[in-house]
Amino acid sequence: MDFQQTIRRQVSLAGIGLHSGEPVKMTLSPAAADTGVLFRAADGTFIPASAENVVDTRSATTVGAFGVRVRSIEHLMAALAGLGIDNILVDTDAEELPAADGSAQPFVDLLQSAGRVSLPAPRRRLVIRERVRVGDESRWLEILPSDAFRVSYTLDNNHPVIGLQVASFAVTEQVFVEELAPARTYGFLKDVPLMRQHGLARGGSLDNAIVVGKRIVLNDHLRFSDEFVRHKILDVIGDLHTLGRAIVGHVVGKNAGHALNHELTAAIHKAFSAERRRATARGMVPAAARASHMAGGMTSIPAV
């Protein structure tokens, strides 16, 4: 049986917010089984990192509750998913998490330094049985049945630095750490003035993002020749982790972003909720719960 995980000891990371430009300190602490990822904002408000609490997807993923928000959670969420950490308390003294270097690597390093502990509860999984799809012909995401978690992504951009990039990864811990976590977020220099007018990218720099100029990347180098599409896959992994369960399914997408990532997450959540309601109506919830426990916390998700 695969057991839930948390970190062994408390660790912290300080930096600035990519969009706010404000200084922030984030502290990660161990949490009990079935806590999930729980944010505690500066005023003490608790915000579970759940699909229902996603309140903004403009250039980042933001969760909120009772009028309080925590912004840019996706890279930390990706690191938690990639390392298989199910339960954690995240304290932050500002509205946005640290940008670090624009990738999930600093969060992976931080979590690895904290160590991991198994908890006396089976790990919860979502097993995809039928296709769930969102988007349109030009931008879309879908998830299909698979015997493991895989993400396949096509990024098609007419900028000469990006072009057509296609990548597919079976997301094991080793693959995530070595092939996906180092991939940085990116933005276009021409978009910066307008983004800053809307309260975005105020903390952005060559230290925490790939900056794409008219014809070249302004950073010294790329970490991967296809770093752009790898970062898109990283974001998908982080945004889907708001489901609170390890996914067994194949995500396929093209030219999506945080908004579509959340649409897919919400569609999967809706399908699960609908199945639970049908089971309740048939008086089958106790039996389903027992079956889920016997299978190590697995739950099947039908199509929307």
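Worth a mention:
- Applying the condition of being touching a Leu at 6+ places or on another chain (Cβ under 8 Å) and in a helix (DSSP H, G or I) to the stretch 157-176 and asking which residue is least open to solvent (accessible area, probe 1.4 Å) yields Phe176.
- The stretch 41-93 - residue that is hydroxyl-bearing (Ser, Thr, Tyr) and in a loop (DSSP other than H, G, I, E, B) and, of those, modelled with the lowest pLDDT: Ser59
- The residues listed here are Leu194, Leu222; of these, the one that is over 14 Å from the mean Cα position of the chain (by Cα), more than 21 Å from Arg58 (Cβ to Cβ), of a type in the set (A, V, I, L, M, F, W, C) and surrounded by fewer than 23 Cβ atoms within 10 Å (Cβ to Cβ) is Leu222.
- In the stretch 15-32, the residues that are β-branched (Val, Ile, Thr) reach residues that are open to solvent by less than 30 Å² (accessible area, probe 1.4 Å) and in a loop (DSSP other than H, G, I, E, B) with C-beta atoms within less than 7 angstrom, at least six apart or across chains, in these pairs: Ile16/Pro98; Ile16/Ala99; Ile16/Gly203; Val24/Gly17; Val24/Ala94; Val24/Leu97; Val24/Pro98.
- Residue in the stretch 117-125 that is of a type in the set (Ser, Thr, Tyr) and either out of contact with any Phe, Trp or Tyr (no Cβ under 6 Å at 6 or more places or on another chain) or closer than 15 Å to Gly82 by Cα (or both) present: no
- Qualifying positions in the stretch 1-28 - among the small types (Gly, Ala, Ser) and open to solvent by 10 Å² or more (accessible area, probe 1.4 Å): Ser12, Ala14, Gly15, Ser20, Gly21
- Scan of the stretch 121-139 for residues that are touching a helix residue (DSSP H, G or I) at 6+ places or on another chain (Cβ under 7 Å) and either β-branched (Val, Ile, Thr) or outside any loop (DSSP other than H, G, I, E, B) (or both), ordered by number: Pro122, Leu126, Val132, Val134, Gly135
- Selection count where residues are crowded, with 22+ Cβ neighbours inside 10 Å and without any contact (Cβ under 8 Å) to a residue 40 or more places away in the chain, scope the stretch 63-90: 1
- Residue in the stretch 238-246 that is crowded, with 19+ Cβ neighbours inside 10 Å, assigned to a strand (DSSP E or B) and of a type in the set (A, V, I, L, M) present: yes
- Only listed residue being under 21 Å from His258 (Cβ atoms) and either touching a His at 6+ places or on another chain (Cβ under 6 Å) or not in a strand (DSSP E or B) (or both), chosen from Gly203, Gly187: Gly203
The values are calculated or read from the model by the stated rules, or taken from the named source; none is laboratory data. Every value quoted in this text rests on a predicted model; they were computed, and no experiment measured them. In this analysis, Cβ positions are derived from the backbone assuming ideal geometry, glycine residues included, and neighbour counts consider all displayed protein chains. Just the protein is used for accessible areas: all its heavy atoms, side chains included, with ligands, DNA and RNA removed. Shrake-Rupley method; radii C 1.70, N 1.55, O 1.52, S 1.80 Å.
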